[in-house]
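The values are calculated or read from the model by the stated rules, or taken from the named source; none is laboratory data. Quick caveat, the model's predicted, so the values are computed rather than measured. Positions of Cβ are generated from backbone atoms using ideal geometry, with glycine treated the same way; all protein chains shown enter the neighbour counts.
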Amino acid sequence: MLSCTAALASPVTKGVEESKTFACWQALISAEGCIQDIFSSFFTGRMNLSPQCCHAIQSINQDCFLEFFPFFNPDFNPLLKSFCFTQSGAVPPSTV
């Protein structure tokens, strides 16, 4: 009985996960050039993000970053957020 329940829940869970991923991507897509800027920053080692891109980055949660960039250096996501907080004049949140 348990395996039937798990099998029935699987498509629903997948749909929920896909909608979360879509919502995450929407934030970055809404800022023109943001995705390209993020990849460029990663590959060049120089942060070059527009204020709109930083706003989008600040609006998404850590789960979204893990979904977007699972193959990136795990230190990259906090660097992006820290850069954007610095650009906005805000104090970055603690990562502890």
How many residues, within region 23-50, are touching a Ser or Thr at 6+ places or on another chain (Cβ under 8 Å) and closer than 13 Å to K81 by Cα? 3
Which pairs have Cβ atoms under 6 Å, sit 6 or more apart or on different chains, and link a residue in region 39-56 that is within 13 Å of S88 (Cβ to Cβ) to one that is in a helix (DSSP H, G or I) and modelled with pLDDT under 90? C54/Q87; A56/A27; A56/L28
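C64 - would you say it is touching a residue at least 40 places away in the same chain (Cβ under 8 Å), among the hydrophobic types (A, V, I, L, M, F, W, C) and surrounded by 15 or more Cβ atoms within 10 Å (Cβ to Cβ)?
It is true that C64 is touching a residue at least 40 places away in the same chain (Cβ under 8 Å), among the hydrophobic types (A, V, I, L, M, F, W, C) and surrounded by 15 or more Cβ atoms within 10 Å (Cβ to Cβ).
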Just to check your reading of the model, which residue among F43, F72 is of a type in the set (F, W, Y) and within 13 Å of the chain's Cα centre (by Cα)? F72
Tell me which residues, restricted to region 30-47, are under 18 Å from D75 (Cβ atoms), outside any helix (DSSP H, G or I) and not hydrophobic (A, V, I, L, M, F, W, C). G45, R46
